[in-house]
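The values are calculated or read from the model by the stated rules, or taken from the named source; none is laboratory data. From a predicted model like this one, the values you see are computed outputs, not experimental measurements. Please note: Cβ atoms are built from the backbone with ideal geometry, for glycine as well, and neighbour counts cover all protein chains shown.
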Amino acid sequence: MTFTQTLASSIAQLNQQAIALYSADEFAAALSTVMPAIEHDESTLDDAAIHAMADALNIAGASSCRLGHADDAERHWRRCLRIAPGYVEVYESFGALLKARGRLSAAKAIYRQLIAMRPEHADAHNQLGAVLHAQGHHEEAEVSYRRALSLRPDHAEAHYNHGVVLQTLRRLHEAEAAYRETLRRLPAHAQAHNNLGNVLMDLGRVDEADAAYRDALSIQPHYPEALNNLAGALKAAQRLTEAELACRLALTMRPDYAEAHVNLGAALTDLARLPEAESAYRKAIALCADYAEAHYNLGITLFKLERMEEAAAAYREAVRLRPDIAPAYNNLGCVLRLLDCLPEAVEAFEQALSTDPDLAEAHYNLGAALAQLTRLPEAESAYRRALSLRADYDDARFGLATLLLSMGRFEEGWPLYECRYQQTGFVHRQTAQRLSCPQWQGDALSGRSLLVWQEDGLGDMLQFSRYFALLKAQGAAHIAFACAPALHRLMTRVDGVDSVLDHERAAARASDYDCWTSLLSAPLHLRTTVDTIPRPVRLAAEESLVEKWRPVLDALPPGRKIGLVWKGNAKHHNDANRSIPSLVTLAPLWSVAGLSFVSLQKGQGEDEARHPPPDQPLLHVGSMVTDLADSAAIVAQLDLVICVDTSIAHLAASLGKPCWVILPEKDVDWRWMHERSDSPWYPHTLRLFRRERGEEWTAVVERVRQACVARFGVRE
């Protein structure tokens, strides 16, 4: 026997001893055992000794790895592969070490070398897939996993990894199949149950996702990720209290779990516990300052708390951290609209759309902002794009309808305006559900009874009451008008109205009528265009009421009597813009000689009217009127009415009384159209004073004062 043969045998014996020690988890002893063997100079050894030394180096590398000495392990394995390039087991172990140390390119090279030697090595393909996935090469990773599974269809880990990369690639149905294949082989794989739940959530199968998360938790009860995901499923199912509990359990296990704090905040937001939700989001941000979703959700809660500046700041931070969150740009734009920063809002909506061109909500909101800026063709285009993406987007349809009506394009606007009956947040939808007779669709009325139902404001009813006579002319045998008590006495005198009812009585008798309609649907069915708008109804004040109010008005000094309304209904959606802040704002009108002022103010603003400033003497009658019939009797005795956009404008114009309407700078109602100082609805009686964008109320009031001077021939 030669010396090298004796050495090979000696090293082999040491290796056997080391393997026994390694198997007993005595890694330091195993390493010490093989150290004499690996100190030889391999250049002096024959093949048998080289082979034995390679085994020793492998044992040294494995022992060093288990002892946490990664650099030593890498050194031993590299030397092993240098002297024995075909040592398959070392490629596997060394690749795993490099992957664990985050040296992915080196690990990838090792696995590719292994595959070049052993193309049929299924786990090498699986491990290469894991490295490629970690590097973000998801498509290549998916190919590697498929290759592994073609070689070993029963490779459970490869099925699981394949599911992970398919989920990343959003190939959700395939990911579901991969996870189910994993669980067929490894039913106790808690992570596979959890990931399956995530895929099912993305597929909208919430109940199945809930079950998958519960399966994961039954296997691994202390699994905060599964609890947090279960909370998401419970929230989606509107089981909000249970969702809150699941989040809190996850946080008990892991108090620093930022994502669970965010999910807790989302559940608390839906429970309308907004301060608690804010606190949850702020805890998430304290744990992870660059958590974009936490800033985004915080913005939503601050918006609901009406803390708009803070909400805008939260959304800005979200998009700074994650410029690809299109809904954050969209929400930022909505806040900026409310803060009256319209150019900035448009920019935010456009940024949302540059990130996600198919975000229908951003197209709709962009349309609304552009409409406020009177960039009408662009607004129309934005609304139409929103509808092309979501045909059932009723907010966009209604926005387009009012835009077209405001532009005088009635032929297209009226049909779209009917979408108010599909709007869940509109009272109109409730009307259709409440009344037991069919809604009139423009078919013949000859000999039929028609119930006209008020579902819009008093001003709307006065404006569109011109259609009663036209409906009667269509042959309706009987027209009943269900309306608010404030209209009853006035509307009994309108041509075409056979009876006036309150809403409760009309609803109870609805089945007695052949059909019902709204006055605001009449222009559609009677094909009204701008050129064919019917003349206003000519209301006539009841003579007895005129006589009743005459002594009150006669108490004013000689001269012109001017009616005033400076505030509308506080519940109106645009009241903050349309109402003049204070009676004091109108003070310049008192400088015009020969004018006396009568307050028709009802509700909001009555306190000011009762106690006007000393230099603004005012006869306040608004608090004394019982309904619009009283108001009509008063207005009939005035020379002019000056008001904001309220029902009194329609009353005065329908009485044939000159009326000047002061319009707000933004969100002007569609009926007043654009840029004109008159109205085709009241061509001879009504004059519009538009507050220009950025203009103070005092400026428009000054124009009204000058118009008073010009109209009444009074020298300044």
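Tabulated data
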read-out	value
Flag if residue 320 is loosely packed, with under 15 Cβ neighbours inside 10 Å and over 28 Å from residue 206 (Cα atoms)	yes
Count of the stretch 241-261 residues which are surrounded by fewer than 24 Cβ atoms within 10 Å (Cβ to Cβ), in contact with an Asp or Glu (Cβ under 9 Å, 6 or more places away or on another chain) and part of a helix (DSSP H, G or I)	1
Residue within the stretch 571-579 that is touching a Lys or Arg at 6+ places or on another chain (Cβ under 6 Å) and crowded, with 21+ Cβ neighbours inside 10 Å present	yes
Residue in the stretch 86-96 that is among the acidic types (Asp, Glu) and surrounded by fewer than 16 Cβ atoms within 10 Å (Cβ to Cβ) present	yes
Every residue from the stretch 686-705 that is within 25 Å of residue 536 (Cβ to Cβ) and touching a residue at least 60 places away in the same chain (Cβ under 8 Å)	704
Of the criteria (1) surrounded by 16 or more Cβ atoms within 10 Å (Cβ to Cβ); (2) farther than 19 Å from residue 567 by Cβ; (3) not aromatic (Phe, Trp, Tyr), which one residue 635 fails	(2)
Count of the stretch 183-211 residues which are in contact with a helix residue (DSSP H, G or I) (Cβ under 7 Å, 6 or more places away or on another chain), more than 9 Å from residue 233 (Cβ to Cβ) and of a type in the set (Gly, Ala, Ser)	3
Matching residues in the stretch 286-302 - criterion: being in a helix (DSSP H, G or I) and within 15 Å of residue 325 (Cβ to Cβ)	292, 293, 294, 295, 296, 297, 298, 299, 300
In the stretch 574-600, the residues that are in a loop (DSSP other than H, G, I, E, B), in contact (Cβ under 8 Å) with a residue 60 or more places away in the chain and either basic (Lys, Arg) or under 16 Å from residue 645 (Cα atoms) (or both)	574, 579, 580, 581
Listing of helices (runs of 4 or more DSSP H) fully contained in the stretch 1-105 that carry 1 or more residues being within 20 Å of residue 117 (Cβ to Cβ)	47-66, 70-83, 88-100
Residue 375 under 28 Å from residue 277 (Cβ atoms), surrounded by fewer than 22 Cβ atoms within 10 Å (Cβ to Cβ), not β-branched (Val, Ile, Thr) and not assigned by TED's automatic domain parsing to the domain that holds residue 670	no
From the options 550, 538, residue that is of a type in the set (Lys, Arg) and either at pLDDT below 95 or in a loop (DSSP other than H, G, I, E, B) (or both)	538
Residues satisfying the stated conditions in the stretch 622-643, i.e. more than 45 Å from the chain's Cα centre (by Cα) and closer than 22 Å to residue 708 by Cα	634, 635, 636, 637, 638, 639, 640
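Residues are listed down the side, and each one gets a yes or a no for (1) among the aliphatic types (A, V, I, L, M); (2) assigned by TED's automatic domain parsing to the domain that holds residue 126:
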| residue | (1), (2) |
| --- | --- |
| 177 | yes, yes |
| 182 | no, yes |
| 192 | yes, yes |
| 198 | no, yes |
| 234 | yes, no |
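For every residue, the table says whether it meets (1) at pLDDT below 95; (2) under 28 Å from the mean Cα position of the chain (by Cα); (3) outside the structural domain of residue 140 (by TED's automatic domain parsing).
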position	(1), (2), (3)
155	no, no, no
225	no, yes, yes
231	no, yes, yes
256	no, no, yes
